[in-house]
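In what follows, a structure is listed as C-alpha cells, so that the remarks can point back to it.
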Amino acid sequence: MIGLEVLYVIGGAFFAAISVLSARDASNPKRWKNTAFWGLFSASFLFGSHLPDLANGLIVIAMVLVAGVGGLGRGEPRTTTPQERAESAARLGNRLFLPALAIPLTALAGTFAFKRPELGGLVDPKQATLVSLILGVFVALAIALPMLRARPAAPLQEGRRLLDTVGWAAVLPQMLAALGAVFAAAGVGAAIGQIASDWLPGGSRLAAVAAYTFGMAIFTMVMGNAFAAFPVMAAGIGLPLIVQRFGGDPAIMGAIGMLSGFCGTLMTPMAANFNIVPAALLELSDRNGVIRAQVPTALLLLLANTALMYVLVFRF
Amino acid sequence: MLSLIGIVVVVIGFMARLNPLLVVTLAALVTGLAGGMGPIEVVETFGKAFKENRYVSVVWVVLPVIGLLERAGLQERAKTLIGQIEAATTGRLLLLYLVLRQATAALGLTSLGGHAQMVRPLIAPMAEAAAESRHGALPDPVRQFIRAHSAAADNIGLFFGEDIFIAIASILLIKGFLEQNGIFVEPLHLSVWAIPTALVALLIHGSRLLMLDRRIDRALAEARP
C-alpha cells in the first residue's frame, strides 16, 4: 500500500539530490552548510522511521545549528535568461500551462479515485490527497520533460534554485508542528485554559462571546494553529459559559469559534506555511509582508465573527 | 504555569527577529525542561514529533516541476495572457482568484491552489502583469506589495471556504470535541454555520481587493514625483 513511507523515500531522495548538487556548486560561498543541512534533512526523511527518537532529535538540533548560526547560502544553478524565457514562452504558448495544471488536477482526481472501493488497498485512504499531489508531480514531469526537451538533471537544478530562495524557512512549518507536540506534552494548553477561565468576566453574554472569539484568535497566534487552540478555548470558555450557562447552540459555538481562530492564523508568523513560506517563495524583502496584507481583513472579520456569534448562538 | 515560558521565548525571539529555527528549538527545549522532562527526554520528544510531522514538508517535491516550467517561460506566458485582457486589473484578477479559491475549497477541493503550485508560478506574475500593462515597469515596493496580496488572497479564500465542506479536518475536530463532551452534532450542521462568516469574509476582503487598484495608483504616484 502506498502511504507516507513511500512519500518519505521520494522526499528523502529529492533532498539528497539537493545536498549533492549544493556540494558541487562552487558559486555558493556557504555550499558546505547547504550540503550539510539538506543532507541531514534527507537522512531524517529516509531513515527517520527506523532511528531511535534521540537520534531524530539530534538530527534536528544539528540542522538548526547549521542553519540558525550564520544562515544558509544561495547557489546559482545555470538557468535561462529573461530573453530565452520570453522566446520559449512565445514558442510554446499556452501548452506551458498543461503540466502546471496537471498537478492540481491529478491531485483532485486521485483524491476521489483512491477512496473508491475498487482501488482500495492501493493507496492509504488517509493520505490519498498527499499521495495524489506527488503523483501529480510525476505526471507533470512526464508531460514537461519531452515537451521542453529538457535533460533529467534540469528539474533537480531548478528545484534547487527555488529551494535555495526559500532556504531554512522550508523546514519551519514542520518544526512548528513539532513544537506544538512538545507544548501539548508539557501541558501548555491546560495552563492557558486555566488563565482564560480565571480572568473571565462572569455574567455578561457579550463578554463571554468576545472573550471566546478573541481568545481563539490570540491563542491561535501564539500556537500558530487554530486546531491547537480550539480544544483549549472551547473547554475553557465556549462550552462552560456560552453553551452550558447561557444556553447557546454548540454547533454555532464550535463553527464560528474555529473561524475566529483562522483570523488569528492570518496574523502570526507562527503559521509559517501560510505566512512566512510564501514571503520567501515570492522573494519579499519583508518576512512579514504577507501578514501585513492580511491584518486589516483579519481584524474586521474577527469583529464580524464576534457579532455573528452574539446574534446567532443564543437564537438557535 | 512554568511551562508557559516557551511561549515567552517564542514571542521575544520573533520580535527580536532572531532565526526562527533557533527560536522554535529553544522554545521546545525550555518548555520540556520546565514541564519536568529530563534533557534527554526533551530531545527525544522533539525528535519524535519532528519525525512524525515530516508529511508537512513532502510538498517541496513540487519545486522541480515548477522550476522547470519557469525555466521554459511559464511566468512570462502567464503575463502575456493577462496583458491581452483589456479589463484585467490587479484588484479584479485577485478578486476572481479569491472567489474561485473559496468556492473550490467549499467543495472540498483544497488542493486546487497553494503558494508553490499556484501563486508563485501563475497568480503573482498575472497580478503583476495586470498592473504593468497599465503603468509600465513597476518599482520594487509596488511589485512586492502585489505579490504579498496574491499570497493573502490564496490564504483567505482557503481558510474561509474549507469549513463549508463537511469532511474537512477542522469540522471533524469540532465534531470530535463536542462528542467527547456528550453533545452530538452532524457535520452538516457545523458546516452550515460556517457560511455566514464565509460570506462576510468575501465581502470584506473582496472590497479591499476592489480598492487595491486605487492603492497601487497612489503608491505609483508617490514613487514617481
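Yes/no per residue for (1) at pLDDT 95 or above; (2) out of contact with any Pro (no Cβ under 8 Å at 6 or more places or on another chain); (3) loosely packed, with under 15 Cβ neighbours inside 10 Å; (4) among the small types (Gly, Ala, Ser):
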site	(1), (2), (3), (4)
A:Met1	no, yes, yes, no
A:Ala16	yes, yes, no, yes
A:Ala26	no, yes, yes, yes
A:Pro29	no, yes, yes, no
A:Trp38	yes, yes, no, no
A:Asn56	yes, yes, no, no
A:Ile61	yes, yes, no, no
A:Thr80	no, yes, no, no
A:Gln83	no, yes, yes, no
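For A:Arg292, the requirement of being touching an Asp or Glu at 6+ places or on another chain (Cβ under 9 Å) and basic (Lys, Arg) is met.
Residues checked against (1) assigned by TED's automatic domain parsing to the domain that holds B:Lys79; (2) more than 17 Å from the chain's Cα centre (by Cα); (3) of a type in the set (Val, Ile, Thr):
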| residue | (1), (2), (3) |
| --- | --- |
| B:Ala148 | yes, no, no |
| B:Leu158 | yes, no, no |
| B:Ile164 | yes, yes, yes |
| B:Ala167 | yes, yes, no |
| B:Ile174 | yes, yes, yes |
| B:Ile183 | yes, yes, yes |
| B:Ala201 | yes, no, no |
| B:Leu209 | yes, no, no |
| B:Ala219 | yes, yes, no |
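Of the residues that make up the stretch A:217-226, is at least one more than 11 Å from every other protein chain (Cβ to nearest Cβ) and surrounded by fewer than 16 Cβ atoms within 10 Å (Cβ to Cβ)? So far as the stretch A:217-226 goes, no, none of its residues is more than 11 Å from every other protein chain (Cβ to nearest Cβ) and surrounded by fewer than 16 Cβ atoms within 10 Å (Cβ to Cβ).
Taking the stretch B:36-69 as the range and being farther than 19 Å from A:Gly12 by Cβ and more than 7 Å from chain A (Cβ to nearest Cβ) as the test, the residues that pass are B:Gly36, B:Met37, B:Gly38, B:Pro39, B:Glu41, B:Val42.
With respect to B:Glu44, is the statement that it is closer than 29 Å to A:Lys126 by Cβ and of a type outside the set (A, V, I, L, M, F, W, C) true? Yes; evaluated as a whole, the condition is true for this residue.
If I filter the stretch A:90-99 for residues that are closer than 24 Å to A:Asp164 by Cβ, touching a residue at least 24 places away in the same chain (Cβ under 8 Å), facing chain B (nearest Cβ under 9 Å) and not polar (S, T, N, Q), do I get at least one hit?
Looking for residues that are closer than 24 Å to A:Asp164 by Cβ, touching a residue at least 24 places away in the same chain (Cβ under 8 Å), facing chain B (nearest Cβ under 9 Å) and not polar (S, T, N, Q), one finds at least one in the stretch A:90-99, hence yes.
The criterion of at least 3 residues that are under 28 Å from B:Leu69 (Cα atoms) is met by the following helices (runs of 4 or more DSSP H) wholly inside the stretch A:24-126: A:31-47, A:82-92, A:97-113. Inclusion of A:Leu148 among residues that are under 21 Å from B:Glu70 (Cα atoms) and facing chain B (nearest Cβ under 7 Å) is warranted. Consider the stretch A:244-254 and keep the residues that are surrounded by fewer than 23 Cβ atoms within 10 Å (Cβ to Cβ) and at the interface with another protein chain (Cβ under 10 Å from one of its Cβ atoms). The one that is farthest from B:Ile195 (Cα to Cα) is A:Gln244. No other residue among B:Ile82, B:Ile164, B:Ile156 is more than 20 Å from B:Val62 (Cα to Cα) and in contact with a His (Cβ under 8 Å, 6 or more places away or on another chain) apart from B:Ile156. If you go through the stretch B:18-35 and keep only what is farther than 9 Å from B:Ser3 by Cα and more than 8 Å from chain A (Cβ to nearest Cβ), you end up with B:Leu18, B:Val23, B:Leu26, B:Leu29. Any chance the stretch B:51-60 includes a residue that's over 30 Å from B:Gly6 (Cα atoms) and not assigned by TED's automatic domain parsing to the domain that holds B:Thr31? No; the residues of the stretch B:51-60 include none that is over 30 Å from B:Gly6 (Cα atoms) and not assigned by TED's automatic domain parsing to the domain that holds B:Thr31. Condition first: surrounded by fewer than 21 Cβ atoms within 10 Å (Cβ to Cβ), free of Cβ contacts under 8 Å to residues at least 40 places away in the same chain and within 28 Å of B:Thr45 (Cβ to Cβ). Now tell me which residues in the stretch A:149-191 satisfy that. Those that are surrounded by fewer than 21 Cβ atoms within 10 Å (Cβ to Cβ), free of Cβ contacts under 8 Å to residues at least 40 places away in the same chain and within 28 Å of B:Thr45 (Cβ to Cβ): A:Ala181, A:Ala185, A:Gly187, A:Ala191. The helices (runs of 4 or more DSSP H) located wholly in the stretch B:18-94 that include 3 or more residues which are out of contact with any Lys or Arg (no Cβ under 8 Å at 6 or more places or on another chain) and without any contact (Cβ under 8 Å) to a residue 12 or more places away in the chain occupy B:20-34, B:39-52, B:63-71. In this entry, A:Gly257 passes the filter for residues that are touching a residue at least 40 places away in the same chain (Cβ under 8 Å), surrounded by 24 or more Cβ atoms within 10 Å (Cβ to Cβ) and over 27 Å from B:Met126 (Cβ atoms).
Quick check on the stretch A:7-19: of everything there that is more than 7 Å from chain B (Cβ to nearest Cβ) and within 20 Å of the chain's Cα centre (by Cα), which residue is nearest to A:Arg31 (Cα to Cα)? Step by step, filter the stretch A:7-19, then rank; the result is A:Phe15.
The numbered conditions (1) farther than 16 Å from B:Asn155 by Cβ; (2) in contact (Cβ under 8 Å) with a residue 24 or more places away in the chain; (3) within 11 Å of another protein chain (Cβ to nearest Cβ) are all true for A:Ala271 except (1). Restricting attention to the stretch A:192-214 and to residues that are at pLDDT below 90 and under 26 Å from the mean Cα position of the chain (by Cα), the residue that is surrounded by the most Cβ atoms within 10 Å (Cβ to Cβ) turns out to be A:Ile192.
The values are calculated or read from the model by the stated rules, or taken from the named source; none is laboratory data. Please read all numbers here as calculations on a predicted model, not as lab measurements. With ideal geometry, Cβ positions are generated from the backbone for all residues, glycine too; neighbour counts draw on all protein chains shown.
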